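**Student:** I have a structure here, written as structure tokens, and I will follow up with some questions on it.
Laboratory data are not the source of any read-out in this text; all were calculated from the coordinates shown. Quantities reported herein were computed from a predicted structural model and do not represent experimental measurements. Cβ placement follows ideal geometry from the backbone for every residue including glycine, while neighbour counts extend to all protein chains displayed.
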Amino acid sequence: MYKAIVRPLFFLFDPEKIHHFTFSLIKFLSKIPFVSSLFRSIYTIQDKKLERNLFGLQFKNPVGLAAGFDKNAVLYNELADFGFGFIEIGTVTPKAQAGNPKKRLFRLKDDQGIINRMGFNNEGLKAAIQQLKKNKYKVIIGGNIGKNTQTLPENYTADYLTCFTELHPFVDYFVLNVSCPNVSSHAKLEDVDYLKELITEVQKINNTKEKQKPILLKIAPDLNDIQLSEIIQLIAETKIDGVIASNTSVSRENLKASKERLQEIGNGGLSGKPIKDKSTRVIKYLAENSNKAFPIIGVGGVHSEQDALEKINAGADLVQVYTGFIYEGPSLVKRINKAILKHNLE
């Protein structure tokens, strides 16, 4: 029904407007008695074989929702009813910011992709915390954190430390988002020496807490083998808990969309089917060249059961969906979990 009726209808409207409409719709439906339990009965699979234990956390299943969908942590309780094993909120920055000028979100229907240059639009740290205080503990919550656009380079680390310190009681794990192509001074955020400094400072705060939270690094799909080897070395040196591979891509290779359409859209990060293979290559390289020394969450172009299995077979311990969730609908999560059970992937 989703692909036959709902998606064609939604795709008639502006992507950002329909995103907000969908949030309102799910919120409204979930307030109707028994609807939440109905969603859970339709979309959720409970099976011990799906459970995963990574960096001290017990995941009910290995399929999560990537950051960017529920930026402000307003819908995670309701989204948990669609069968996710974990949900990542954010990217959260210390101060609220409007992000880049609209129009900034574009569908590539023929490619089953999305280009966005949202620019970390979010309501800020305090608003996210207020929402996270409403947690019904249905699902593991990750906190994806970043810096404000106007922050000067010498204060980047301070932004991450502010987010980490204040969000610490409210999320189960953290993601340092250093690879989004839609933020200023992108190059510094991917400099290995800077990353070492950032990770070390975040870990210092983590070590002062009664209960430490896992910290992961989100990397780009456009890194070459030398850069990926540097990431492996960085993880070995800092002992960070894991990697999310990968973020959106700046590449426009092998797209069905016309050059005119791409020029009209302009800059932004590409997600969805077009980056599936790039993301899987990164996962495979990291897993093989580190002898699987750290956990990997695979994300990028997961639109089917087979896409998810490819990432798991390449070395991913968990997978996340975002663009695939928009194109395929909520049944995708259940289909992936059923395929994992069928193939006995534990």
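**Student:** What are the extents of the Cα atoms of the chain along their three principal axes, listed from largest to smallest and rounded to whole Å?
**Tutor:** Answer, in whole Å and largest first: 50, 50, 40 Å.
**Student:** Highest mean first, how do 266-278, 154-166, 76-88 rank when packing is the count of other Cβ atoms within 10 Å averaged over residues?
**Tutor:** 76-88, 266-278, 154-166
**Student:** Would you mind telling me which residue in 329, 298, 113 has the biggest mean-square fluctuation in a Gaussian network model of the chain, where springs connect alpha carbons within a distance under 10 angstrom?
**Tutor:** Top of the fluctuation ranking is 329.
**Student:** Among 252-259, 213-220, 62-69, how do they line up by average Cβ neighbours within 10 Å per residue, starting with the highest?
**Tutor:** Values: 252-259: 12.5, 213-220: 22.6, 62-69: 25.0.
With the highest mean Cβ count within 10 Å placed first, the list reads 62-69, 213-220, 252-259.
**Student:** While we're on this one: How large is ³J(HN,Hα), in whole Hz, for each residue of region 239-249 in order, when computed from phi with the Karplus curve 6.51 cos²θ - 1.76 cosθ + 1.60 and θ = phi - 60°, using x for Gly and Pro?
**Tutor:** Along region 239-249, the couplings run 6, 4, 6, x, 10, 10, 10, 8, 7, 6, 10 Hz.
**Student:** Using θ = phi - 60° and the Karplus curve 6.51 cos²θ - 1.76 cosθ + 1.60, what whole-Hz ³J(HN,Hα) does each residue of region 149-154 get, with Gly and Pro shown as x?
**Tutor:** Each residue of region 149-154 in turn: 4, 7, 5, 6, x, 5 Hz.
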